[in-house]
1. Which residues, taken from segment 231-249, are basic (K, R) and either modelled with pLDDT under 90 or assigned to a loop (DSSP other than H, G, I, E, B) (or both)?
2. For A25, state whether it is assigned to a helix (DSSP H, G or I), more than 20 Å from the chain's Cα centre (by Cα), under 30 Å from A503 (Cβ atoms) and not basic (K, R).
3. Can you tell me which condition Y545 does not meet? The list is (1) buried (at least 22 other Cβ atoms within 10 Å of the Cβ); (2) modelled with pLDDT under 80; (3) aromatic (F, W, Y), and all the others hold.
4. Go through segment 135-148 and give me each residue that's over 18 Å from W277 (Cα atoms) and crowded, with 16+ Cβ neighbours inside 10 Å.
5. Of the residues that make up segment 374-388, is at least one at pLDDT 90 or above, part of a loop (DSSP other than H, G, I, E, B), more than 26 Å from V405 (Cβ to Cβ) and of a type in the set (S, T, N, Q)?
6. May I ask you to say which residue of N132, N185, N86 is more than 22 Å from D240 (Cα to Cα) and part of a loop (DSSP other than H, G, I, E, B)?
7. Scanning for something surrounded by 11 or more Cβ atoms within 10 Å (Cβ to Cβ), of a type outside the set (A, V, I, L, M) and touching a residue at least 24 places away in the same chain (Cβ under 8 Å), does segment 7-26 turn up at least one residue?
8. Among the residues of segment 322-332, is there at least one that is within 31 Å of the chain's Cα centre (by Cα), modelled with pLDDT of 90 or more, under 20 Å from M447 (Cα atoms) and not assigned by TED's automatic domain parsing to the domain that holds A156?
Amino acid sequence: MRRWIKSGSPWIWLTAGSVAVSLLALAGILLLLASQGMRYFWPSPVYQFTLNQPAAGAATVIGELYRQEAIPLQQLREAGVLLPDNPPATIDRYLIKIGNRELQQRDFITLLASDVQQKSAPKDLLVIERLNNGTAYGYLVGMLENGQPLVAENLAQALLRRIPENRTLANLAHRIQHQQMAELNEQFDALRLEERKLQLDGQFNARAEARIRAERIELERQFSQMTARRDSVLEDLSRDALLLRDMKGQVHTIALSDVREAWYPNAMTLGQKWRHWANQVKQFVTENPRASNTEGGVFPAIFGTVLMVILMSVMVMPLGVIAAVYLHEYAKNNWLTRLIRISVVNLAGVPSIVYGVFGLGFFVYLVGGSLDRLLYPEALPDPTFGTPGVLWAALTLALLTLPVVIVSTEEGLSRIPLSLRHGSLALGASKSETLWRIVLPMAAPGMMTGLILAVARAAGETAPLMLVGVVKSAPVLPVDGIFPYLHLERKFMHLSFQIYDMAFQSPNVEAARPLVYATALLLVIIVVGLNLAAMGIRHSLREKYRSLGI
């Protein structure tokens, strides 16, 4: 046994066991996130519960069976619940998502199995996903076209055919409102700033005034045309409506312009359910959020996360590599160098919120405010760069991850044998040429290791981003079709902040919980994807220089 311990085999097995446990833990986390998040997009069956006693003013309850759990009899008695004669030891409790939020004032209702007389799943139960007020459940009893009843042999098919047509019109109206008219508003604002700048510089003469007036008149003409076109599309969009009978037997009119999608889950085949699930996942990834981030998609957050990580990587790598090269190749081993190394190590342990406060005070207020006074005086007192934005968020995270890149790059430089440096110098190369052509390319795998660690940490940060640029809802993306196309001064959305917002700031936490899991899974997938890309580059560099023994 002693010989076996001295051989080092126990440490090999211990290391292998630790790796196996880590992989199992990661697989468990991914499985949990996938199982809890992806079920949100599956078309769950909708049930109609007939009650022994009316609950919430209705003798029937319609909705999805969200959760079912067994409650001990003693707990129900302590809660003062009236129970039937000779009840079992446990009674099932149903948490049912009833929808129709604007009517019921809540999304969920709780029922005991002892209160349910009959549970059925009629095939004609309709689920409607709306742009406002969440989901609606009920029976389709009619449709209206221009306020008149629509006569059709099959109302269900007519409804499912009209919804895509209305969504096309809605997308057109959204594109006119939020893209084309927004671009015109940007041009109006740019023209206003140009006029004010000319006034501040004393160059606002009659010729400049006439030119600006002519451009403003042309923009107003284009804006009027777009407004008329948008109003026409909205008028066409508001013609149709459907009549839905809810669980209380009341018939409600729902405008088709408010309907995003509708389906009959109890009548769907397995193939139809999988197609519906895939379509819902696609919309979740590609659409904008709605209802305080508790519904809709997460595309702006995905875009903001990836853009911020790319900008952070572009900023932190040159700084980290230059600092590491100086410390390892040029700096002498004296008290100043040792102090710098100690400071770098200590900076790696500073809480991220401290970096956020520093970024807010230094980057936003000092640097951004100075840029506004020097370059954008015509826009003051409205800040341009003196406000949180994607640029300052990327710089803040670059500082946060800088120690990791410095340490990893130094380790990569230390692995380069001195014989290679001496051989290069002996052949007549200068120290800078040796560094640029020999040392840095061979230390690239170590640099990529630092980048991997930096990306893994930066992508999941939340606290500093709340101070330097991330917001709950960004009206526009940092990238658009207006020059200079990439607007680094704009605020942005981030997946980690959206997870926090949905989990703790949502007005309906229970309804948003599956989206929290789905967004967390998406964040993990993005981080893993970015890391795999960096690891692939590192592996190719290692293979390139393997023949040199590095």
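1. Those that are basic (K, R) and either modelled with pLDDT under 90 or assigned to a loop (DSSP other than H, G, I, E, B) (or both): R239, K248.
2. Against the criterion (assigned to a helix (DSSP H, G or I), more than 20 Å from the chain's Cα centre (by Cα), under 30 Å from A503 (Cβ atoms) and not basic (K, R)), A25 qualifies.
3. The failed condition is (1).
4. A136, Y137, G138, Y139, L140, G142, M143, L144
5. yes
6. Matching residue, one of N132, N185, N86: N86.
7. no
8. No, the conditions are met nowhere in segment 322-332.
The values are calculated or read from the model by the stated rules, or taken from the named source; none is laboratory data. Note that this is a predicted model, so its numbers are computed, not measured. Note that each Cβ is placed from the backbone with ideal geometry, even for glycine, and that neighbours are counted across all protein chains shown.
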